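**Student:** Dropping a structure here in structure tokens format, bear with me for questions.
Just so you know, all these numbers are worked out from the coordinates, no wet-lab data involved. Just so it is clear, the model here is predicted, and its values are computed rather than measured. We place every Cβ from the backbone using ideal geometry, glycine too, and count neighbours over all the protein chains shown.
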Amino acid sequence: MNTYYSVIFASVNSIISEQLSIGLVMADEQRVWFCYSKTKLSLMHRFFSEEAFQLLKTSLKNIESTAAGAGQNRSTDSNALFPITDNNQHPFSIEYLRYLARYSNSTLTFNEPVKIDVEVSDLLFEHLYREFIFEEAGQVSKTSFIETVKAKLYPAITKHVNLDFCIETGKIPGLIMPVELDFIGKNDRPVVGKITDFNLPSYNLDAPLSNLFVLMKTFESNNETGNYFIIGDEPSKQNSKQHNTWAQVKASKFLDFVPTNETDRISEYMEEHAVEPYFSAD
């Protein structure tokens with residue numbers, strides 16, 4: 001077992017070496033977890049010039065994107081923070097994190113990676129994140145899970161759909177509230193997708209599904225029958241409310257539930273049925 005983590009700090013005052021923990025990366029040989037505090041990032045705006053703040057923000061987003069795409073096609077740019085090294089190895093090796101811990105950077109610093117003899121899991125990452133970054137676990141789970149699914153699915157469907165789209169009232173006749181979707185396209189019918197982390201607290205889980213139901217009823221009132229993909233995985237049975245919601249979604253005749261290891265079904269459907277974006281570019 002080779003599990004390790006590194007805390008990422010933002011340098012608030014380089015003169016007195018004042019730093020604030022802002023992110024955490026955890027990895028084993030196969031997977032990478034990463035999350036940073038958007039709340040802390042917002043608060044730190046006052047300590048930086050606009051140029052330095054944008055550099056900090058961009059650096060964190062680049063790490064997030066690389067972590068989400070670990071194990072897939074990655075940049076071969078030798079100047080990237082996490083350049084590709086081996087086709088069988090993600091770029092967050094313990095050796096490279098040790099190098100980053102020694103590397104002097106005026107904006108971000110990594111602490112020496114810590115090896116732990118514990119089975120790696122989402123729950124372990126959430127525990128470490130709360131311990132070192134001090135934020136609610138719900139944000140951690142949402143970021144690490146949903147962004148990982150997007151990194152795999154989006155490249156395969158981008159030409160067929162509108163991605164990360166918010167349907168405002170007025171965009172569809174009769175829609176009474178904005179609805180945020182991960183993707184929406186059409187062939188002879190609307191093709192809609194929502195990535196759902198069923199381990200989220202119930203109040204974070206129920207609202208997006210309720211909004212999707214509003215959209216379904218709106219299409220129905222316009223005499224349109226849609227194809228609605230819900231992408232997610234079975235939650236722990238210890239989370240009885242979330243597990244019950246997952247079971248209802250999986251059993252629904254109106255929703256097409258897709259486990260995250262079967263998302264090829266979605267891209268294959270779109271190719272076969274010539275799905276195209278629902279909304280034209282402005």
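**Student:** Quick one: what are the phi-derived ³J(HN,Hα) couplings along segment 253-261, Karplus 6.51/-1.76/1.60 with θ = phi - 60°, whole Hz, x for glycine and proline?
**Tutor:** 3J(HN,Hα) across segment 253-261, in whole Hz: 7, 9, 10, 9, 7, 10, x, 5, 8.
**Student:** Going highest first, how would you order 36-42, 250-256 by mean Cβ packing within 10 Å?
**Tutor:** So the peptides 36-42, 250-256, ranked by packing, come out 36-42, 250-256.
**Student:** What distance in nm lies between label points placed 7 Å from Cα along the C-beta direction at V214 and N244?
**Tutor:** 2.4 nm
**Student:** Here's a follow-up. Could you tell me which of rounded, prolate or oblate describes segment 153-282, using a ≥ b ≥ c as the square roots of the eigenvalues of the alpha-carbon gyration tensor, with rounded for a/c under 1.5 and, failing that, prolate when a/b is larger than b/c and oblate otherwise?
**Tutor:** Oblate.
**Student:** What are the ³J(HN,Hα) values, in whole Hz, obtained from phi via the Karplus relation 6.51 cos²θ - 1.76 cosθ + 1.60 with θ = phi - 60°, for each residue of segment 174-190 in sequence order, with x given for Gly and Pro?
**Tutor:** Karplus-based 3J(HN,Hα) across segment 174-190 equals x, 6, 9, 7, x, 10, 8, 10, 7, 7, 8, x, 7, 10, 8, 7, x Hz.
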